[in-house]
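Asker: Take a look at this one; I'll ask things after.
The values are calculated or read from the model by the stated rules, or taken from the named source; none is laboratory data. It should be emphasised that the depicted structure is a prediction, and the values quoted were computed from it without experimental measurement. Quick note on the areas: whole protein, heavy atoms, side chains included, nothing else; ligands and nucleic acids left out. Shrake-Rupley method; radii C 1.70, N 1.55, O 1.52, S 1.80 Å.
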Amino acid sequence: FDNNVPDLYDKEMVCLRPATNELYAVYIPSPGLYNVGYSKSSDGAVTWSPVTYVNQQTYNGYQWGAAPAVGTLPAQLYVVWENSAGVYFQKSSNDGATWLPFDMQLRPFFNGGNGYNCMPSIATDLSNGIHQNNIYITWWELDTTGTDTDIYFAKSTDGGNSFTITSIASDIATNQKWPQITIDPITGYIYIIYYDQNNPDPHHDIRLLFSFDGGSTFFNVPVSVSPATV
């Protein structure tokens, strides 16, 4: 609860550090929408630290759709978000007290008309397997023609110093949207759920991507029995 909110906190996301039960929240404070806000709770969400900013203003404009994830080491924290220039990443080794001096752009958007829609999702491998501490990020965006949206997958095996990016769901006849990712904490298996929209028909199927090998290969299966109309 915050009695001093001047306007709006938007697109809020939270993650948990299982070893300590600490909570980490990121959001877009308003007015302005120019920053990625950050707060931490060490007492089960009874109290929260005052808002600080994740982004280091590498991009001076609207920030949007932030999401956090913890690493395997104590105090490791990662945040991903978007703006009109692309998908951005930050990391902290001290529970968000400080961040990298420059925001890392994973990749510029293929299409300048993408807007603020890709809503990136992030997860880390907290298992004891061979892919431990890998960072995985997924989002959707317009292709170069502006007629079709696809889902992309970024993977880091070096603690967020570098990423490889691939397309994992693409079909020119349909739009792939709104991926959300989670990692099994025991096996390290990757699961990504998303909407598959018949283009331009407003019917959405739900599909699941999953990987047993750290995101090198994915299987794609339907979840919904029939499409939903939204």
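Asker: Taking the chain as a Gaussian network, Cα atoms linked when under 10 Å apart, which of ALA67, ALA25, ALA97 shows the biggest mean-square fluctuation?
Answerer: ALA97
Asker: Moving on to the next point. Across region 153-170, in residue order, what do the Karplus-derived ³J(HN,Hα) couplings come to in whole Hz, using 6.51 cos²θ - 1.76 cosθ + 1.60 with θ = phi - 60° and x for Gly and Pro?
Answerer: Values, residue by residue: 9, 10, 10, 10, 10, 10, x, x, 6, 8, 9, 9, 10, 9, 8, 10, 8, 8 Hz.
Asker: In region 2-128, what % of DSSP beta bridges are antiparallel (nearest 5)?
Answerer: Around 100 percent antiparallel, to the nearest 5.
Asker: Accessible area, 1.4 Å probe, largest first: how do MET119, MET104, MET13 sort? Don't jump to the answer; show the numbers that get you there.
Answerer: Numbers: MET119 25, MET104 45, MET13 70 Å².
If we order MET119, MET104, MET13 from most to least accessible, we get MET13, MET104, MET119.
Asker: With a 10 Å cut-off between alpha carbons and a GNM built on the chain, which of GLY215, GLY188, GLY113 moves the most?
Answerer: GLY113
Asker: A follow-up question, please. Full-extension gain between THR72 and TRP48, please, as 0.36 nm times their residue separation minus the C-alpha to C-alpha distance.
Answerer: Residue separation times 0.36 nm, minus the Cα-Cα distance, leaves 6.4 nm.
Asker: Scan around LEU106 for amide H atoms under 5 Å from its own, H built in the peptide plane at 1.01 Å from N, and keep only partners 5 or more places away or cross-chain.
Answerer: Under 5 Å from the amide H of LEU106 lie the amide H atoms of VAL87, TYR88, PHE89, each far enough along the sequence or on another chain.
Asker: What order do THR174, THR166 take when sorted by accessible area (1.4 Å probe), most exposed first? Don't jump to the answer; show the numbers that get you there.
Answerer: Values: THR174 10, THR166 70 Å².
Result of the area sort, largest leading: THR166, THR174.
Asker: Another question, then. At 1.4 Å probe size, what's the solvent-accessible area of VAL221? Round to the nearest 10 Å².
Answerer: 50
Asker: Also, I was wondering about something else. For region 31-47, just list the computed ³J(HN,Hα) in residue order, Karplus coefficients 6.51, -1.76 and 1.60, θ = phi - 60°, integers in Hz, with x standing in for Gly and Pro.
Answerer: x, x, 6, 9, 9, 9, x, 9, 9, 10, 10, 10, 10, x, 6, 6, 10
Asker: Right, something else. Note the full-extension length gain between ALA97 and SER41 as 0.36 nm times their separation in residues minus their Cα-Cα distance, in nm to one decimal.
Answerer: 18.8 nm
Asker: Can you work out the Karplus-derived ³J(HN,Hα) for every residue in region 131-144? Use 6.51 cos²θ - 1.76 cosθ + 1.60 with θ = phi - 60°, whole Hz, and x for glycine or proline.
Answerer: Ordered by residue, 3J(HN,Hα) equals 9, 3, 6, 4, 10, 10, 10, 9, 7, 10, 7, 5, 7, 5 Hz.
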